[in-house]
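The values are calculated or read from the model by the stated rules, or taken from the named source; none is laboratory data. Keep in mind that this is a model prediction, so the values were computed, not measured. Methodologically, a virtual Cβ is constructed for each residue, glycine included, from the backbone with ideal geometry; neighbour enumeration extends over all protein chains shown. For accessibility, only protein heavy atoms count, side chains too; no ligands or nucleic acids. Shrake-Rupley method; radii C 1.70, N 1.55, O 1.52, S 1.80 Å.
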Amino acid sequence: RQAGGSAGIPSCGASVTSTTESFSGMFSAFLCVAMQLASEMRPWIDAGREKLPARWSGGSALRSKDKFSSKFSSIQARFRNRTAASSGVSSPGAVRRHGASHRRGQRGNANKCESAGRLPEFNLSGVDVEQPGALARVVGQIAFNGEVILVCGDTSAYASPTALNTVLQLWALRLRHTLYISDSASSCARLRSALPSLACVWSSSIRTTKPAVKSECVRKYWDMRFYFYHIRKRMVLRLAVEHSLNVLQTDTDVAWFANPYPALHTQYRAAHLLTQADAPFINAGVFYVRGAAPGSGVAWVLAELFRRLDLFMFHPDRVRDAVPWALPPFFSNSDEQTLMNDVVISAVMGTPYYVGSTAFFEHRYGGARRHVLWNQTREASLKASVRSAFERAAVMDGRTLLYRMLPLDGNGSSLPPFRASSLPVSVGATPAEATKADPRSSFFGTAGSHLFASYGWAIKSWLERVPSRGAVSVTPVAELVSSAAAEGRPQHASTAGPMPNVMTHLAGIRTGAWARRAMLRAHGWWHPQADALAAGAMGWGLRGGLLRVGGTGGSGIVTLDSVDQLHTLMANLLLLAALSNCTAVLPEFQCEFKPAAAPELGPPQYLPANPRNVSGVVESACAYLPARPCWRVEYVTELEWHRMGGSNQKGQHESGGKKEQLAVLNAAEAMARTGLLGGSKGSGGSTEADAVMKLLTAPLLPIPAAKSASKLAERWAASIRAHAELAGASRWLSPPRDAAALAVKAGSRSAGTPDIGCIAHIFSRSGA
């Protein structure tokens with residue numbers, strides 16, 4: 001076909017006439033003709049499908065057609081980009097992924113958004129952004145090149161460590177345009193006591209107390225998470241729409257390894273809303289918003305999301321506006337994740353969509369659960385049309401798949417009858433074409449795992465990427481520490497070597513903030529300064545020294561034969577440290593073990609630690625992951641030891657941001673000090689090798705007799721408490737009030753304090 005093609009396929013004339021010039025020309029001609037034929041055959045395929053028997057009209061046949069449509073659009077878009085590139089026309093979606101010039105461009109984009117040293121002093125700490133003009137003044141001091149990063153959190157010992165660690169990670173990347181939203185002016189003052197330069201504000205738009213409404217969701221699940229769901233979505237709306245800023249919202253259960261802006265400004269530059277992929281489509285905790293002009297699709301999404309959050313959180317009776325068949329008591333779901341997914345689907349489909357966030361929960365947990373058949377509802381048929389709607393709204397920007405979003409008329413609360421014909425027509429191959437067709441168009445996409453990754457993907461890819469981790473090129477620890485100190489910023493997690501992604505999200509870890517903190521520490525993705533507020537509540541930082549296997553001169557890596565030896569070593573080390581008035585430095589070890597003899601301890605209690613370069617030697621191993629009763633125990637990881645200058649004769653210990661020089665004991669010296677397994681207290685001990693072997697072999701205290709595992713834990717706790725009194729460690733018996741409450745929350749009810757509960761738990765349940 002030499003003439004102009006149909007269905008948006010360009011003419012094949014130029015490609016056909018160039019077939020003799022190069023193989024590339026031959027391939028382009030072949031692809032062009034194939035696309036032309038596919039375009040002309042498509043009506044025949046659709047017509048043939050309509051004549052299929054009824055039993056064939058759904059299921060696999062429908063999925064095959066959908067798959068064909070998706071592939072057709074994808075190949076068509078790639079062909080257009082290829083044609084534009086071969087003709088010398090610069091494609092707006094083309095992104096150079098290789099070569100020195102691309103790397104220089106990436107670095108240039110990173111420098112443009114590195115705000116360290118380029119912002120004015122923030123003097124609005126504790127301001128209420130709901131006061132007239134307050135947010136505009138805050139934006140004037142914190143925004144940088146039209147960008148702002150949003151973090152939320154309170155001052156509790158439970159939540160503040162991961163939130164402050166997120167801020168420190170961003171600061172280590174020289175990203176100081178980070179705005180922290182808390183719940184009161186006094187909370188900002190406390191947070192600033194931990195991080196004095198923190199840009200902290202708060203909002204008085206709603207109270208932090210539980211709403212007095214008849215909502216099953218509020219009644220069963222309300223906590224401070226829902227307060228921050230409301231506050232941060234309101235802040236994103238105001239910053240992005242009212243103040244025309246690009247907003248990067250981040251959860252606090254994350255690890256940031258690199259600057260995200262190079263990817264955001266190149267590969268994903270056409271996306272107005274870019275999120276981490278999650279069920280069913282997006283994650284509401286980590287996303288990036290740009291270009292939210294009033295009246296645009298993305299501006300409508302932000303406004304509608306906040307409207308639904310506020311409506312269902314405080315007015316559960318309004319559920320019927322969205323789901324007419326709902327009956328009291330209303331569940332009135334106000335979870336930001338499901339609501340955000342439904343709002344984005346609404347903007348893509350062009351019709352109000354409340355299926356996943358509201359209708360499902362009313363049918364499952366509300367008053368309608370025994371009175372309404374799901375398959376007979378409008379929502380059931382609407383859900384079946386989501387896939388085809390997204391395919392019709394798909395565009396390709398380079399290699400990035402995006403979906404067009406349009407604003408709905410009104411607030412989307414009215415529910416006209418839905419018909420498949422009401423879906424928007426195919427929007428075109430590129431964002432530019434879609435925007436030309438409707439200037440209100442905005443584009444939504446999910447980031448690849450190289451940018452926003454789940455925890456499981458990140459760890460798996462990291463280990464596959466560096467199979468021989470001892471051979472990885474890692475900058476020396478001392479060099480990284482000195483450069484960070486010279487710039488006045490926190491030490492970066494790159495102390496531990498490269499990661500395959502920009503950010504890792506621990507959203508799938510459902511065991512709470514303290515569990516995530518333990519995992520982040522084991523991997524080496526933690527800043528001790530983040531524990532400043534928790535340290536005061538837990539009574540950390542009061543011990544007089546550090547206990548490290550091998551002292552200051554040891555390698556810090558121990559060879560073990562089994563997981564049983566691992567648990568015995570850690571329990572003995574924590575016991576010895578506490579009796580010696582020291583903080584234990586938990587050693588690392590090789591990652592392969594024989595099967596554990598005590599399955600009741602749960603999954604293997606260790607994780608791969610990032611490699612580090614110490615004096616020209618790259619060391620890599622695994623780190624201990626404490627069990628639940630040990631999450632509140634004060635300890636130092638081996639990697640943290642090296643970062644705080646552990647090669648000195650006296651370690652520079654940092655607990656909650658307070659640095660001090662502490663004496664360092666080895667295992668033999670600690671045994672001699674406490675009199676355990678070595679004769680009289682204060683006598684000369686055995687060699688360090690003998691002491692380490694004793695720590696690996698059996699508990700340092702006699703094993704008490706008990707008839708059950710629960711009784712054994714109590715007997716261990718009593719034995720440890722008695723030795724604590726003999727060693728003069730009676731402070732164990734009167735921990736700070738907050739520490740006792742947190743220990744109970746951690747599962748140490750019978751033990752009384754985190755240290756005793758942790759050690760008793762390990763001894764009573766391990767093979768020792």
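Here the range 298-395 exposes an accessible surface that is 54 percent carbon and sulfur, computed with a 1.4 Å probe and the other protein chains kept in place.
Length available on full extension from His315 to Arg399: 0.36 nm per residue minus the Cα-Cα distance, which gives 25.9 nm. Shape class for the range 306-389: oblate, because the ratio a/c of the largest to smallest gyration tensor axis (alpha-carbon atoms, square roots of eigenvalues) is 1.5 or more and b/c is at least a/b.
Counting Lys and Arg as +1 and Asp and Glu as -1 over every other residue whose Cβ lies under 11 Å from the Cβ of Val585, the net charge comes to -2. Across the range 184-238, Cα-Cα pairs farther apart than 18 Å form 45% of the total. In the range 508-591, one over the average inverse separation of all distinct C-alpha pairs is 14.6 Å, which is the Kirkwood hydrodynamic radius. The overall shape of the range 254-297 is oblate: from the C-alpha gyration tensor, with semi-axes ordered a ≥ b ≥ c, the ratio a/c is 1.5 or greater and a/b is no larger than b/c.
The value given for the range 244-370 is a Kirkwood hydrodynamic radius of 15.8 Å, derived from the mean inverse Cα-Cα separation. Computed from the alpha carbon atoms alone, the convex hull of the range 133-200 holds 81 Å³ per residue.
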